[in-house]
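Any read-out appearing in this document is the output of simple, stated calculations on the displayed coordinates, not a laboratory observation. Only a predicted model underlies this, so the values are computations on that prediction, with no experimental measurement involved. Here the Cβ is made from the backbone with ideal geometry for all residues, glycine too, and neighbour counts use every protein chain on show.
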């Protein structure tokens, strides 16, 4: 029987005395693992026996542990001939204990635990990890904002406070985790999933069987860790499971969502990383596979991870003032307008940190409740908060709770590196806030600029762009209108990364105070490009090859009608174009691999777009062909 487990060691208990006392009283905690986060969002995990840790806690907390940097994603920084990384524990965040419920300590009869200590990674005395970048961006944001308040006292007038009233600036965040769950080796037909999605048959319905058990266990564990879960429910994707002879559910294919309470920015990112592990392991123990891919199934809803951000002032008298909240006749404050405008204007340099994988960009398509344009919604009037789910980022308000005002960014997915996304957003937000305060503009002035039409001049936002719409972005605009008004969305990872090479003025926003320095940016670009081309050549093309081979001729040529033969001929011609080399022609697969080998990434990007279009065409043609056969 599990009893008296310690799930978290809060930052208030990180003295050597407190740590030693807790670990000596809980002998089931057998290991320590320092958790650093590389530029791809991967977290390190190692098993250090607790005895070694207890023998010299002081040395551990000062960064005595080193790791091989060539085994994490820091290309161009931690190289084979200069790979050593120092791991420096972060004592200002919560430390979680990760329990292995399949390995029981015979002495205590409790599961074996590993103390997970978040850390910073240093290479040649320079911080190079995602957590450090976020920490430094927060420091810069706070310092810059406090300086603006001190030099522009009018910016605090709407809050009825003075600069001297402020003790600290609080940056808060929260994420919503969506994921797909299935029974291993069972598949559901895409058309079934798509039909169920359109009919909303799964959304908010009752969970059953092992899915219900795993979801409930996950929520209980989140509660044990003090993460304060707010909700777990079924999302729009999925189909009804089947019942076998023993009464067990099979062919499970469902999409779920779990939400938990906000926290400070770094803790929020740490929490998300830990929650993903909790969810995956809990569902696995119940015989279920979990995937956090942004778009695991074609033509079916993908998984998002909406990210909420807020900014508040903590006053010396203990009160909290939400710096986005405005008087009742306004949508938001000057600070809020500036932050939102900073994100929208500079989104091209935020997006490379959000959508950094092939499947993340596949998710961002019209018709799947995922954002496709850089546009915001703030509501039709200050009295009626917006609930427009078609925009990139929205203003969330509760008219009865002034502390609830925040922004919700809808483009991230479960594999997004939240540390780098928050860091890039804070850099862009403070750029917009600096403009809003320094220009001495009122809330109405900023509302007018945010609501500008395409072609109108503005002091901060770009002339040939629109940034706000309360309409349905998917239904009320054509593709051409969306592109003209809100900009062209990248279709490939390479297109997305190009912004970090070409938009020099906007890139300078990230480079303030050396937060995103050249070494970090170059390492990140190299890491993402390497993953992009590796996925294409070693995974996507191989998966497509298997899919093409399954598109077989099913009709009898002697008995088939002309239409079947014509349909098959179209399919076969397309199969050969994509996959089959001849003496005179190279297939699309071969041309892509040659472009990768020659490092012609521009051509690779163009050919990848063509490949995805051709595969969609092939699936459509084969579906028509199969449905017309009397088998």
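Tabulated values for the structure
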quantity	calculated
Kirkwood Rh and Cα Rg combined as Rg over Rh, evaluated for the chain	0.98
Förster-model FRET efficiency, 30 Å R0, residue 25 and residue 139, C-beta, rounded to 0.05	0.25
Pairs of alpha carbons in the range 36-104 whose separation is greater than 14 Å (percent)	69 percent
Compactness of the range 566-631, expressed as Rg and Dmax over alpha-carbon positions, Å	14.2, 48
Estimated distance in nm for a label pair at residue 597 and residue 146, the labels positioned 7 Å out from Cα along Cα-to-Cβ	5.8 nm
Förster radius 56 Å - calculated FRET efficiency between residue 616 and residue 264 (Cβ-Cβ, nearest 0.05)	0.85
Pair residue 233, residue 545: separation of 7 Å Cα→Cβ label points (nm)	4.5 nm
Relative packing of 277-290, 49-62, which averages over residues the other C-beta atoms within 10 Å, highest first	277-290, 49-62
Coordinate range along principal axes, alpha carbons of the range 1-41, Å, largest first	38, 28, 15
The range 560-602-the range 421-451 distance, computed between alpha-carbon centres (Å)	49 Å
Calculated log₁₀ intensity ratio I(q)/I(0) where the Debye formula runs over C-alpha points of the range 79-136, q = 0.14, 0.16, 0.20, 0.30 Å⁻¹	-0.57, -0.66, -0.79, -1.17
Label-point gap, in nm, between residue 502 and residue 478 - each point 7 angstrom along Cα→Cβ	2.4 nm
The range 8-126: Cα Rg divided by the 2.2 N^0.38 Å rule of thumb	1.11
